[in-house]
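What follows is one structure encoded as C-alpha coordinates, with my remarks underneath.
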Amino acid sequence: MYMLNILVFMIMFFSGMVVFSSKRKHLLLMLLSLEFIILSLYMLLFYYLSMFNYEYYFSMLFLTFCVCESVLGLSILVSLIRTHGNDFFFSMNLLC
(Lines give C-alpha, C1' and ligand atoms only; values in the text may rest on other atoms or scores of the structure.)
Protein backbone atom coordinates (compact mmCIF):
# COMPACT_ATOMS: atom_id res chain seq x y z
CA MET A 1 0.00 0.00 0.00
CA TYR A 2 2.79 2.43 0.82
CA MET A 3 4.48 1.82 -2.55
CA LEU A 4 1.24 2.85 -4.26
CA ASN A 5 1.18 6.11 -2.29
CA ILE A 6 4.80 6.82 -3.15
CA LEU A 7 4.05 6.13 -6.82
CA VAL A 8 1.12 8.56 -6.74
CA PHE A 9 3.27 11.26 -5.16
CA MET A 10 6.00 10.74 -7.76
CA ILE A 11 3.46 10.94 -10.58
CA MET A 12 2.20 14.19 -9.07
CA PHE A 13 5.75 15.53 -8.93
CA PHE A 14 6.60 14.63 -12.52
CA SER A 15 3.29 15.94 -13.87
CA GLY A 16 4.01 19.22 -12.08
CA MET A 17 7.46 19.29 -13.68
CA VAL A 18 5.97 18.68 -17.13
CA VAL A 19 3.48 21.53 -16.66
CA PHE A 20 6.22 23.80 -15.32
CA SER A 21 8.44 23.15 -18.33
CA SER A 22 5.66 23.45 -20.90
CA LYS A 23 3.81 26.56 -19.61
CA ARG A 24 6.62 29.06 -19.83
CA LYS A 25 4.55 31.90 -21.26
CA HIS A 26 2.57 32.97 -18.18
CA LEU A 27 4.12 33.60 -14.79
CA LEU A 28 0.92 32.69 -12.94
CA LEU A 29 0.78 29.21 -14.49
CA MET A 30 4.42 28.65 -13.60
CA LEU A 31 3.77 29.66 -9.99
CA LEU A 32 0.77 27.33 -9.79
CA SER A 33 2.79 24.41 -11.12
CA LEU A 34 5.56 25.19 -8.62
CA GLU A 35 3.00 25.08 -5.81
CA PHE A 36 1.76 21.73 -7.12
CA ILE A 37 5.33 20.40 -7.06
CA ILE A 38 5.80 21.68 -3.52
CA LEU A 39 2.52 20.09 -2.46
CA SER A 40 3.57 16.73 -3.84
CA LEU A 41 6.97 16.99 -2.12
CA TYR A 42 5.30 17.91 1.17
CA MET A 43 2.92 14.97 0.94
CA LEU A 44 5.83 12.64 0.21
CA LEU A 45 7.82 14.07 3.11
CA PHE A 46 4.89 13.83 5.51
CA TYR A 47 4.17 10.27 4.45
CA TYR A 48 7.83 9.34 4.87
CA LEU A 49 8.01 10.90 8.34
CA SER A 50 4.79 9.24 9.49
CA MET A 51 5.89 5.85 8.14
CA PHE A 52 9.02 5.83 10.32
CA ASN A 53 7.42 7.65 13.31
CA TYR A 54 9.74 10.65 13.15
CA GLU A 55 8.95 14.08 14.46
CA TYR A 56 7.10 16.49 12.20
CA TYR A 57 9.28 19.50 13.00
CA PHE A 58 11.01 19.36 9.63
CA SER A 59 7.68 19.33 7.80
CA MET A 60 6.69 22.57 9.55
CA LEU A 61 10.03 24.09 8.59
CA PHE A 62 9.47 22.96 5.00
CA LEU A 63 6.00 24.53 4.98
CA THR A 64 7.42 27.80 6.33
CA PHE A 65 9.94 28.04 3.51
CA CYS A 66 7.28 27.09 0.96
CA VAL A 67 5.02 29.89 2.15
CA CYS A 68 7.91 32.36 1.92
CA GLU A 69 8.64 31.18 -1.62
CA SER A 70 5.03 31.53 -2.71
CA VAL A 71 4.71 35.01 -1.19
CA LEU A 72 7.85 36.09 -3.01
CA GLY A 73 6.48 34.70 -6.29
CA LEU A 74 3.16 36.48 -5.85
CA SER A 75 4.90 39.77 -5.08
CA ILE A 76 6.95 39.43 -8.26
CA LEU A 77 3.74 38.68 -10.17
CA VAL A 78 2.00 41.75 -8.76
CA SER A 79 4.94 44.03 -9.55
CA LEU A 80 5.15 42.59 -13.08
CA ILE A 81 1.46 43.19 -13.71
CA ARG A 82 1.69 46.75 -12.33
CA THR A 83 4.62 47.66 -14.54
CA HIS A 84 3.78 45.78 -17.76
CA GLY A 85 0.01 45.23 -17.57
CA ASN A 86 0.11 41.43 -18.03
CA ASP A 87 2.07 38.39 -16.95
CA PHE A 88 3.61 37.41 -20.28
CA PHE A 89 7.34 36.84 -20.18
CA PHE A 90 7.72 37.88 -23.80
CA SER A 91 6.29 41.38 -23.21
CA MET A 92 9.19 42.31 -20.93
CA ASN A 93 12.04 44.23 -22.44
CA LEU A 94 15.24 43.85 -20.47
CA LEU A 95 16.70 47.10 -21.80
CA CYS A 96 14.05 49.35 -20.21
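The values are calculated or read from the model by the stated rules, or taken from the named source; none is laboratory data. These figures come from a predicted structure and were not determined experimentally. Cβ sites come from the backbone with ideal geometry, for glycine too, and all protein chains shown count toward neighbours.
For this structure, a couple of remarks:
- None of Ser40, Ser50, Ser33 is over 12 Å from the mean Cα position of the chain (by Cα) and small (Gly, Ala, Ser) except Ser50.
- Condition met for Ser75 (at pLDDT below 90 and either within 21 Å of Leu7 (Cβ to Cβ) or within 18 Å of the chain's Cα centre (by Cα) (or both)): no
- Among (1) at pLDDT 80 or above; (2) exposed (fewer than 11 other Cβ atoms within 10 Å of the Cβ) - the single one Leu95 does not satisfy: (1)
- Every residue from segment 48-68 that is surrounded by 14 or more Cβ atoms within 10 Å (Cβ to Cβ) and not hydroxyl-bearing (Ser, Thr, Tyr): Leu49, Phe62, Leu63, Cys66
- Counting the residues of segment 28-67 that are without any contact (Cβ under 8 Å) to a residue 24 or more places away in the chain and either among the small types (Gly, Ala, Ser) or not in a helix (DSSP H, G or I) (or both) gives 8.
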